[in-house]
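The values are calculated or read from the model by the stated rules, or taken from the named source; none is laboratory data. These figures come from a predicted structure and were not determined experimentally. Using ideal geometry, Cβ is built from the backbone for each residue, glycine included, and neighbour counts are taken over all protein chains shown.
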């Protein structure tokens, strides 16, 4: 019964997640994948809070499977997406959904709280339509991450010199920084750099960044 529901939703939205509402499917999947990327690994526990339109119609449009698929590292056109909840169970990922009654700033809003027993990440994401998304809150900090421009997301240990090491590599490779947002859980704990750049870094630059000691992950979005 459950498997049939997943298949029918996937048939409706199509393999590219265009479907009845790209904001509820493609956008949701992208939010999930961004959260996984910022977290730096596959989470063991996931709490998903759906607001407004997401809460009212999201499950019928496949928002649940899309969010979880993204958390598993899938793209919106991944053929495994319809089975994401089953795959999450097989990966021992504890996933829970809650429908919130209170109003959000945007009707397609979702809060994801992911953890692995040692660290926790709390993100508020918005699907603004056409598969485009925004991240508006990260661990209680208000941010504006649209991913509409080339963006690096770097997760690292909060240590002196980390910003300098990252910016030095970008400068040496003639990558200009447009804006940079830096936040941390607490002093000496996990920290995150969100860097909007003018040029797309190639794989070699990303690998160079990943070689920095105490840097957990470096990923690029556009």
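Return yes or no: is residue 205 surrounded by 18 or more Cβ atoms within 10 Å (Cβ to Cβ) and within 22 Å of residue 70 (Cβ to Cβ)?
Working: surrounded by 18 or more Cβ atoms within 10 Å (Cβ to Cβ): yes; within 22 Å of residue 70 (Cβ to Cβ): no.
Criteria not met by residue 205.
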Whichever residue in segment 92-109 is at pLDDT 95 or above and buried (at least 16 other Cβ atoms within 10 Å of the Cβ) and, among such residues, is nearest to residue 57 (Cα to Cα): 95
Among residues of segment 183-210, those that are over 12 Å from residue 152 (Cα atoms) and in contact with a helix residue (DSSP H, G or I) (Cβ under 9 Å, 6 or more places away or on another chain), counted: 2
Among residues of segment 181-196, those that are outside any loop (DSSP other than H, G, I, E, B) and out of contact with any strand residue (DSSP E or B) (no Cβ under 6 Å at 6 or more places or on another chain), counted: 1
Segments classed as helices (runs of 4 or more DSSP H), wholly inside segment 37-93, with at least 1 members that are farther than 25 Å from residue 107 by Cα, in contact with a helix residue (DSSP H, G or I) (Cβ under 9 Å, 6 or more places away or on another chain) and in contact (Cβ under 8 Å) with a residue 12 or more places away in the chain: 84-90
Residue that is surrounded by 20 or more Cβ atoms within 10 Å (Cβ to Cβ), at pLDDT 80 or above and farther than 27 Å from residue 211 by Cα, where the choices are 127, 136, 132: 127
Some residue of segment 112-122 being within 18 Å of residue 53 (Cβ to Cβ) and either in the same structural domain as residue 31 (by TED's automatic domain parsing) or touching a residue at least 12 places away in the same chain (Cβ under 8 Å) (or both): yes
Test: residue in segment 129-152 that is within 16 Å of residue 217 (Cα to Cα) and touching a strand residue (DSSP E or B) at 6+ places or on another chain (Cβ under 6 Å): yes
Which listed residue is under 19 Å from residue 30 (Cα atoms) and surrounded by 15 or more Cβ atoms within 10 Å (Cβ to Cβ), from 83, 79: 83
The one condition in (1) part of a loop (DSSP other than H, G, I, E, B); (2) buried (at least 19 other Cβ atoms within 10 Å of the Cβ) that residue 148 fails to fulfil: (2)
